[in-house]
Each structure stands twice: as structure tokens, then as C-alpha cells.
Amino acid sequence: MGLFETAAAKALASSGVFLFMTVLLIAAAKRISTCIALFSVQSLIITAQIIAVSRMHHSTEGFVIAGLVLSVKVIAIPYVLYRIVEELKAPRDVSSSTSSSQSVFIAAGLILLSFFAVRPYVGVLGGDQAMLAAAVALVLTGGFLMVSRKKALMQVVGLLVLDNGIFLAALTTTFGMPLVIEIGIVFDLLMGVFLMGLFVFRIRDTFDHLDVSKLRRLRG
Amino acid sequence: MNHAIFKSLLFLGAGAISDAAHTLDLEELGGLQKRMPLTGTVFLIACCSIVGLPLFNGFVSEWLTFRSFLAGSEMTNLSAAIVLPLAAGVLALIGGLAAACFAKVYGVGFLGRPRSGEAGRANEASLPMQAGMGALATACVVIGIFPGLVLRSLGALTEELLPGAALPPAATSLTVVLPWIALFVLVLVGGFAGFKRAKKLTATWACGLPGLDERMQYTSTAFSKPLRKVFSRVYRAERTLEVVPGDPPYFPVSISYRSVRTTSFEKFLYRPGVDAIVTAALRLRRLQTGNIQIYLLYIFAALIALLMFMRWA
Amino acid sequence: MTLMTNVLQVLLLILLAPLVRGVISRIKARIQNRRGASVWRPYADVLKLFRKQDLVPASASFVFRLAPMVVFTTTLVVAAFVPLLHGLALLGVTGDFVLLVYLLALGRFFLMLGAMDGGSSFGGMGASREALVSTLAEAPFLLALMSVAIAAHTASIAGMVQWTMGQNFFQFSAVHALAFAALVLVAIAETGRIPVDNPTTHLELTMIHEAMVLEYSGPSLALIEWASAIKLTVVMALLIALFVPWGMASSVSALALGVASLVMLLKIAALVLALALVECSVAKLRMYLVPDFLGVASALAILAVVFTALMR
């Protein structure tokens, strides 16, 4: 094993840390575009992990999935979201119901919670504790983002982060799902984002704002 | 022990102020450093000590506390290993608040210009008071620079009380490094001060306008305003701003602003306790008959009760 | 030889500090499409100020003139804590991180008092804001250093640096990443750089540090300016020493030290570039958003401390 591979292995072992950092940064970010960029970075880290895992297991399927994730989650979805933000010409802040320091505190709490939550299962499921905790933390913070951010677009970002978490959990425990399912999920997401984009435009046109907390007409 | 020294020094200083300026309201003090140089200097030393700045004795205590928190992180108990280092953060926050508070006390009380006539006419404290404060201030500085003097004897004492609880070896590094830093600071500050500089007295900058008066200084309430606002959950200030508009609305006739602060500690933490104690005290007052024999009876009864307690406990 | 290197380190930090400042403002000027002043301008400024008269407000007491000296000397002492070229420093072994943080606090305390001694409202305003920022910055500062200290099982700065040098470069630890992020935020607040305070502002109402030194002139101002330049450089050197010390000389020989100084120069240049970029792309925060900024730092620092316990 050459120097490069040793370095790659070490970096992979600590890539969970980078995922934590992206989570905290998304919680701290004040602009939608920053969140989108961070989501893209997060997906890139996960892509690197997929490549590393599939290399370890000598599976070609893994490379296909990696390419898929790279093209869809790292490039396509962030690009579409960027375009939506540009086209909307709406205010660019995330308008959170918690201040950014509170959000970071909550995200930090969620990370710790996920560490304690996965602790008993590390031995059973195998896989790295930090990685598994990162997966749970991604799911939790994705949910938190959807709950606390008022802009409709941030709900999409929250959902995407949550999906990254599920994906990572599958990757660390069973070394990924079958190829067909992966492809299905990824395209599902892509369609979801397109649909959500359409909806966001409609919401804007109908109500003149994107604030989800003001959409209350539905209740009977 | 350090606490005892600088706290009593602060109280003595406060006493000297009230003696000289007939008030303890910070908003009416100011400029006392010029009027009472010695009291001012020892008060400054006491402030530095209580804030826990190095080269003063408060820091030694603070440092020992931090080091014990750090040592706590080595414990095998997971929750203790997490909570103890975090307590250091709380201590640091308190230290920061103390620094803000005492910068305000000294800065508003002793620096700048007098905010009232009384403060402008204040005179230095009497000689015995000066001597007392001077001795305590010297103790602050000496312990602050040579903590080894006290730490060694205190270490021996704890060794006697709790065998095995010796002073951490790391403490010696502090006793080595502090005198060096003190020497360095002293030499450098002395060098700068000795270096004769052309000095000229001028008026304070007032944006080029004449007539800067003492009412334009920052008041103590204004000084702590940002902190109050940040911790508004704790303080819950009630503020009212009344503006009487003038003829052109940009030049109001009068503006009055008042801000009432009741800390929520006072409301929710102390009040119930204080109320309970007051009612209890009122009830207990019936015991106070004023008859000396009754008091003797109480003492006697206490003695008997103690004996019985010792027998059966 | 070791002692000489240690003294050399301190001298380097002190003498190069104005240059760092000059380079930052030069890079900022280039990014903003200006020519910018020479990188040697801070030296000229300090020299010019030292030759000038010291103006003292009539109402001020001895504290006013003492404060700049205290600020300068404490910063000098702090400079002696930080390893620069090899894993040791003059006070790096005997002095620990608590002493470092509180020495900086000592300087700041006196600067606040000196500002209030001028008797104008601006000094008081600057001191009041500085009190707010420093109060909130102290906890994350100490906690972040503490987390590294716990991981390294030592409280001395040099010990921490040597421990980090022994770690594998590619094994990024969560503690280091979090503590680094927290310390960067604190460093920005501590040295009064842009999202928190604007060092080049000329509008009194937006000032923090500048409002405090408004009344100072001549040699006193020179001391304060030089001290703040040293502080900036020292904080940068501290960040480098604690988190990316690789490349420092492991033995004290002329060759190793030469290589180490070259590497250190590159690292500082990278930090300076990053700082200039951040300062050009970020707007100064509103005063009451600063607590939020430092709250993020506190959250990161707390997480770092908890992680040290979890990772053991």
C-alpha cells in the first residue's frame, strides 16, 4: 500500500468528522445558498466514502452508484436549487425560528444524542461508530432543519440532508443497497426536487411569500 | 484565603469612598483616582485580584480551580469527565462577567471626571485607613507574584487534614513562571515610564465641538447595557422612553428614559426564600422575651439536647 | 542553542507582527482593486508615533498612561508562550493555557480602564462593547484550549504542540476540527477583525477597539497599535502551532530551523490570505449579532470538550 492509499484510508476513517462539520455549518448558515453549497459538499464526502468502500470490496456496482450520487446529489440537485433561488428573487435568508447559535447548540446536542444512541449497536451491526453516529446525526439534523426553518426551500434541503443520512446508514451497515434500489431512490429525489421547485413557484405566485409558517389555511 | 484578602480590601475601599464622597451611587462618582490616589490604587489592585488577573492573588485561586477541572477530565467516570471540564467554561464566563463588572466599577467610580460636586471635593482617606488598605493590597500583589509562599504552607495543611492530598506538581511551574513574568513586566513598564516622553495635557476629543461636560460620559448603566440586553432573559428590564416632540419634530423638547431592572433571580430565587425567612423570623420573635434568664434557659436546653443527641446518635 | 532559538522565536513574532498587518491590508487593497499602501507602512506608523508628543486628557489619571504599557508587555509575554520554529517556547513548558488566556485578559482589562479614563463617551462606549465581546469570548477560548489539553494530557502549550506533532497528519480528529473552528471564531473576536469589529473604521459609532484607543496619541498609541499587531500574529501562530505544527524543526540545527522557518512563513501566508479573503467578502456583524457569533463558537467548543471524553 502506497503513501497515497494510507493517507486515503486515514482520511476516510475520519471523514465522519467532516460530516459533523457540515451539519454544524448548515445549522449555523444564514443564507439558503450557503446551505445548498454545504449540502453539495456533504454529498461529495459521501461520494468519496462510497468509492472507498467499493474499492475495499472490489465491487463495480459501487462505482456506478458513486457516479450517480456525484452527478445527481453533488451537481444536479444543488444546481437546480440554486436556479430556483435565483429565479425566485425572494429574500435569501433562511428565516429560522431559532437563532444560529441556538441552532448550532441544538445540532451539537443531536450529534451527541446520536453518539449515545448508536453506542449499543456498534458491535452488532459492525462499522465505524463515528460513521454510524454521523448517519443518525444527519437524519436528526435533517428533521430539525425541516422543523425549524420557515422557508419552503429549506424544507427541501432538510429532506435532502435526511436522505443523505439514510444513505450513509445503509452504506456503513450493509455496504449499500442493491443497485436498482439506489438508482430508484436517487431519481426519486431528483423528481422530488423538481416537483418541490414547481410547488415553491406556485406558493410564491399564490401567496407572495415562501413562509411555510403562514400557510395555515388547510386546517379545518 | 485570597478571597478574604481582596474582598475585605474592596469593602475598605468602598468605605473610604462613601466617607469621602458621601455616596456609593456609581452614577455620582467619577474621577476619584485623582482626588484619592492611594485608595484608588489599592482599589484597582483589589479589582484586578477579584477578576482573577495574573500577577494578583485572585488568579492563583482561579488557576488552581482550572487545573483541578482539567484533572477531573482524567476520571474514569464518563459523566464526571464530561461535566468537570465544561464547568471550566462556566467559570470562564463568570470570570468574564466579573471583569466587565469591575472594569465598570473602577472605570466609572475612579476614572474620567467627577459626575457630582461631592465626588469632585472628595478627600483622601485617613492615615490608619490608608495603612490598612495598603497592607492588604501588598498581600494581594505578593501572593499574586509569589504564590509559592502560601501554597506550600497550605499544601502542608491539607496534607495533614487529608493524607495523600498533596499539591499537584504542576503548581510548582506556576510558582516558577509568575515571578519571571512579574520581573519582565516591571522592567518593561518601568523602562517605558522612565523613558522621558514629551507629554501635553489636552482636552478630550469631542468631535471638534466645544463644551464636553461630565454628563456626556458613559454612565455605569450605559456601560452594562449590552450585557443586560444579551442576558435579557435573566434581567427582564422594563424600559420606558418618553419623547415630547417639539415644533420641528426632529428637536424634541424633552426625552426621558427610565429603565427598571429586577433580576429574575431576585424574583424567582431569592424572594420566596427571603419571604419564608422573614415569616419564620417573625414567628421566632416570640422566643425573644428580653429576659436574660430565659436566654440562659435556651443555652442550657441546647446543651442538654446536644448531650442527648451525642448519646443516641 | 535551544534558549537562543526560543528568544529568536519571540523576537521574530514581535518584529514581524507589523509586517503581517501590512501584508493583510495590502492584499485586501488588491482584492478591492486598490493599489494599497506599502507593506512596510505599519513600521513607519509606529516609528512616526514614537517620535510624537503624548497628548493626555486633562481629566485622566496615571491609569491612562499605564494602560498602553501593560497592554504591550502582556502581549509580549504571551508571545513567549507560542512555539514557532520548533516544539518549544520560552515560557511554553512552564506556562499553561490558563495563564495565556488570562494574560490577554489582563491587557484587555487595562485597555478598558484606559479608555474610560479619557472621560469621553466614545471611550466608555468602546470599553462597554469590548466588555461584552470579551466576556462572551473567554468561555469558548478556554474550552477549546481545554479540549486540546485533555486530548494531549498536558496543560502546557509546548506539550500540546508536541503531542499534535506526534499524531498522524491524515487522521483528522473530531476534537481538533471542532476546537480549531471554535478558536478561529474566537480569534476573530479577540483580535477585532471584520465580522466582529472593523479595524479600519472611521465612524465612531461602529467602533469597538478603535473607540477605546480614540484618546491615545503618540508613543502610547504606538504601543497599542504594535501590541495589537503582535496579538494578531501570536494568535495566528498559536492556531498553527496547535493544529498544524507539522514541519516544525524536531532538532535544533541551523538547517532544520531554516526549513522550519520557511514552512512557517508559508503557513502564516496562507492564514493571512484566508483572513484577507474573509474580510473582503463578509460584512461586519451588527453589534447584537456578535453574541450569536460567539454562541456558535461556544457550541463548537463545548462539543469539542465532550468529544474528548467520548473518544477516549
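The values are calculated or read from the model by the stated rules, or taken from the named source; none is laboratory data. Please read all numbers here as calculations on a predicted model, not as lab measurements. We place every Cβ from the backbone using ideal geometry, glycine too, and count neighbours over all the protein chains shown. Note: accessible area is taken over every heavy atom of the protein model, side chains too, but ligands, DNA and RNA are not part of it. Shrake-Rupley method; radii C 1.70, N 1.55, O 1.52, S 1.80 Å.
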List the pairs whose first member sits in the range A:106-118 and is in contact (Cβ under 8 Å) with a residue 24 or more places away in the chain, whose second member is among the polar types (S, T, N, Q) and open to solvent by less than 10 Å² (accessible area, probe 1.4 Å), and whose Cβ atoms are under 7 Å apart, counting only residues at least 6 apart or on separate chains? A:Ala107/A:Thr141; A:Leu110/A:Thr141
Which residues, taken from the range A:54-79, are modelled with pLDDT of 85 or more and surrounded by fewer than 20 Cβ atoms within 10 Å (Cβ to Cβ)? A:Gly67, A:Leu70, A:Ser71, A:Val74, A:Ile75, A:Ala76, A:Tyr79
Only residues in the range C:247-267 that are on the phi < 0 side of the Ramachandran plot and touching a residue at least 40 places away in the same chain (Cβ under 8 Å) count as the first member; pair them with residues that are in a strand (DSSP E or B) and not aliphatic (A, V, I, L, M), Cβ under 6 angstrom, at least 6 apart or cross-chain, and list the lot. C:Met248/C:His86; C:Ala249/C:His86
Checking B:Thr41 against (1) in contact with a Phe, Trp or Tyr (Cβ under 9 Å, 6 or more places away or on another chain); (2) closer than 26 Å to B:Ile143 by Cβ; (3) surrounded by 24 or more Cβ atoms within 10 Å (Cβ to Cβ), only one condition comes out false. Which one? (3)
C:Asp96 at the interface with chain B (Cβ under 7 Å from one of its Cβ atoms) and open to solvent by less than 10 Å² (accessible area, probe 1.4 Å): no
Over the range C:164-206, the set of residues among the hydrophobic types (A, V, I, L, M, F, W, C), at pLDDT below 85 and open to solvent by 20 Å² or more (accessible area, probe 1.4 Å) is C:Met165, C:Phe169, C:Phe170, C:Phe172, C:Ala177, C:Leu203, C:Leu205
The one condition B:Thr138 fails out of (1) within 17 Å of B:Ala16 (Cβ to Cβ); (2) within 8 Å of chain C (Cβ to nearest Cβ) is (2)
Return yes or no: is C:Phe307 farther than 21 Å from C:Leu203 by Cα, open to solvent by less than 10 Å² (accessible area, probe 1.4 Å), assigned to a helix (DSSP H, G or I) and out of contact with any Phe, Trp or Tyr (no Cβ under 7 Å at 6 or more places or on another chain)? yes
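Do we find that C:Met212 is touching a helix residue (DSSP H, G or I) at 6+ places or on another chain (Cβ under 6 Å) and farther than 30 Å from A:Met21 by Cα in this structure?
yes
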Within the range B:114-124, is even one residue touching a Pro at 6+ places or on another chain (Cβ under 6 Å) and not β-branched (Val, Ile, Thr)? yes
Hey, A:Val85 hits all of (1) closer than 27 Å to C:Phe293 by Cα; (2) within 14 Å of chain C (Cβ to nearest Cβ); (3) in a helix (DSSP H, G or I) but one; which does it fall short on? (2)
Does C:Phe64 fit the bill of being out of contact with any Cys (no Cβ under 8 Å at 6 or more places or on another chain), more than 30 Å from C:Gly118 (Cβ to Cβ) and buried (at least 22 other Cβ atoms within 10 Å of the Cβ)? no
For residues that are buried (at least 19 other Cβ atoms within 10 Å of the Cβ) and in contact (Cβ under 8 Å) with a residue 12 or more places away in the chain, scanning just the range B:73-96, find the one that is farthest from the other protein chains (Cβ to nearest Cβ). B:Leu84
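Yes/no matrix, rows are residues, columns are (1) closer than 19 Å to C:Leu205 by Cα; (2) at the interface with chain B (Cβ under 8 Å from one of its Cβ atoms); (3) among the hydroxyl-bearing types (Ser, Thr, Tyr):
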| position | (1), (2), (3) |
| --- | --- |
| C:Leu103 | no, yes, no |
| C:Leu106 | no, yes, no |
| C:Phe110 | no, no, no |
| C:Gly118 | yes, yes, no |
| C:Ser121 | yes, yes, yes |
| C:Ser128 | yes, yes, yes |
| C:Leu132 | yes, yes, no |
| C:Ala137 | no, yes, no |
| C:Leu142 | no, yes, no |
Report whether or not C:Ala89 is more than 9 Å from chain B (Cβ to nearest Cβ), crowded, with 24+ Cβ neighbours inside 10 Å, touching a Pro at 6+ places or on another chain (Cβ under 8 Å) and among the small types (Gly, Ala, Ser). yes
Answer yes or no as to whether C:Leu285 is touching a residue at least 60 places away in the same chain (Cβ under 8 Å) and assigned to a helix (DSSP H, G or I). no
Index of the failed condition, B:Ala46 passing every other in (1) in a helix (DSSP H, G or I); (2) over 30 Å from C:Val306 (Cβ atoms); (3) more than 7 Å from chain C (Cβ to nearest Cβ); (4) at pLDDT below 80: (4)
Given the structure, is C:Gly114 farther than 30 Å from C:Gly247 by Cα, within 8 Å of chain B (Cβ to nearest Cβ), touching a residue at least 40 places away in the same chain (Cβ under 8 Å) and not basic (Lys, Arg)? no
In this structure, does A:Leu125 turn out to be more than 13 Å from chain C (Cβ to nearest Cβ) and either farther than 21 Å from A:Gly197 by Cβ or modelled with pLDDT under 80 (or both)? yes
Among C:Val78, C:Val70, C:Val98, C:Val133, which is the only one that is of a type in the set (Val, Ile, Thr) and within 13 Å of the chain's Cα centre (by Cα)? C:Val78
